[in-house]
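The values are calculated or read from the model by the stated rules, or taken from the named source; none is laboratory data. Since this is a predicted model, take the numbers as computed values, not measurements. Cβ placement follows ideal geometry from the backbone for every residue including glycine, while neighbour counts extend to all protein chains displayed.
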Amino acid sequence: MAKVIIFGILDTAELAHWYLENDSEHNVVAFTVNQEYLKEDTFKGLPVVAFENLEDKYPPSQFKLFAPMTGRNMNQLREKVYLAGKEKGYEYISYISSKATVCGNEIGENCFILEDNTLQPFTKIGNNVVLWSGNHIGHHGEIKDHVFFTSHVVMSGHCTIESHCFFGVNATIRDYSHLAQGTLLAMGASLTKQKTEEWGVYVGNPAKKLEGKISHELY
């Protein structure tokens with residue numbers, strides 16, 4: 001069990017608080033946001049403190065962080081917060097729903113894995129990865145750092161997902177695919193090619209790259 005501070009006070013932080021309080025052994029003790037967003041002293045009945053001086057009240061030797069943020073700016077905002085916490089000396093917890101199916105997978109820190117995800121054997125999950133509800137993560141693959149799966153995404157076996165990728169609802173990835181850094185696979189898109197281009201945006205079935213579009217400028 002860890003004493004945990006959650007980064008954020010919006011919907012995702014509220015959801016994280018619910019999951020940790022109802023489906024984990026961890027104890028949420030506070031929330032934190034950057035000073036410019038500190039408008040209230042409490043949230044969900046717990047203190048809200050400025051991230052800039054968080055370690056003064058909640059030292060990293062005694063507390064851990066959890067930053068379950070959205071995929072805004074192709075996960076780069078969440079990455080920035082994650083790295084800032086690491087620079088302060090904090091370790092991060094991961095949340096894995098008791099209703100997810102895991103098979104002894106190697107899973108990094110600050111991961112948020114919700115209910116009804118299926119992680120087949122021999123697939124690795126990096127740091128700072130979000131798997132929203134109901135995804136199929138195929139065997140013998142790897143999802144690297146700062147990746148966001150929405151819901152009902154199918155990743156077939158033997159896939160490699162590089163950092164900062166984002167997958168819309170009901171996206172499908174064929175087996176043995178290698179998705180380059182910053183790939184955005186849109187809602188309902190079906191990737192039949194085995195490789196993508198860095199920061200490419202792919203839409204449709206079969207998925208095609210949108211020319212002139214760069215994912216981190218769109219999302």
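The single residue among 21, 55 that is among the acidic types (Asp, Glu), part of a helix (DSSP H, G or I), at pLDDT 95 or above and touching a Gly at 6+ places or on another chain (Cβ under 8 Å) turns out to be 55.
In this structure, does residue 54 turn out to be within 21 Å of residue 127 (Cβ to Cβ), of a type in the set (A, V, I, L, M) and touching a residue at least 24 places away in the same chain (Cβ under 8 Å)? Taking the combined requirement at face value, the residue satisfies it.
Given 100, 50, 84, which one is under 30 Å from residue 139 (Cα atoms), of a type outside the set (Ser, Thr, Tyr) and at pLDDT 95 or above? Don't jump to the end; show me each part of the working.
Values: 50 fails: under 30 Å from residue 139 (Cα atoms); 84 fails: under 30 Å from residue 139 (Cα atoms).
Testing whether each residue is under 30 Å from residue 139 (Cα atoms), of a type outside the set (Ser, Thr, Tyr) and at pLDDT 95 or above leaves just 100.
Is it the case that segment 34-44 has a residue that's touching a Leu at 6+ places or on another chain (Cβ under 7 Å) and surrounded by 15 or more Cβ atoms within 10 Å (Cβ to Cβ)?
Within segment 34-44, not a single residue is touching a Leu at 6+ places or on another chain (Cβ under 7 Å) and surrounded by 15 or more Cβ atoms within 10 Å (Cβ to Cβ).
Is segment 120-136 home to any residue that is closer than 21 Å to residue 51 by Cα and surrounded by 22 or more Cβ atoms within 10 Å (Cβ to Cβ)? Within segment 120-136 (the criterion being closer than 21 Å to residue 51 by Cα and surrounded by 22 or more Cβ atoms within 10 Å (Cβ to Cβ)), the answer is yes, since at least one residue qualifies.
Which of the residues spanning segment 108-122 are assigned to a loop (DSSP other than H, G, I, E, B), in contact (Cβ under 8 Å) with a residue 24 or more places away in the chain and within 18 Å of residue 164 (Cα to Cα)? Let's see the steps before the verdict.
Pass one, segment 108-122, residues assigned to a loop (DSSP other than H, G, I, E, B): 108-111, 114-117, 120-122.
Of the ones still in play, those that are also in contact (Cβ under 8 Å) with a residue 24 or more places away in the chain are 108, 110, 114, 120.
Passing the criteria: 108, 110.
Answer yes or no: is there a residue in segment 28-43 that is in contact (Cβ under 8 Å) with a residue 24 or more places away in the chain, part of a loop (DSSP other than H, G, I, E, B) and within 23 Å of the chain's Cα centre (by Cα). No, the conditions are met nowhere in segment 28-43.
Taking segment 70-91 as the range and being surrounded by fewer than 22 Cβ atoms within 10 Å (Cβ to Cβ) and assigned to a helix (DSSP H, G or I) as the test, the residues that pass are 76, 77, 79, 80, 81, 83, 84, 86, 87. None of 162, 109, 198 is surrounded by fewer than 23 Cβ atoms within 10 Å (Cβ to Cβ) and within 28 Å of residue 24 (Cβ to Cβ) except 109.
Just one residue in the set 177, 156, 190, 215 is outside the structural domain of residue 122 (by TED's automatic domain parsing), over 20 Å from residue 112 (Cβ atoms) and either modelled with pLDDT of 95 or more or not acidic (Asp, Glu) (or both); that residue is 215.
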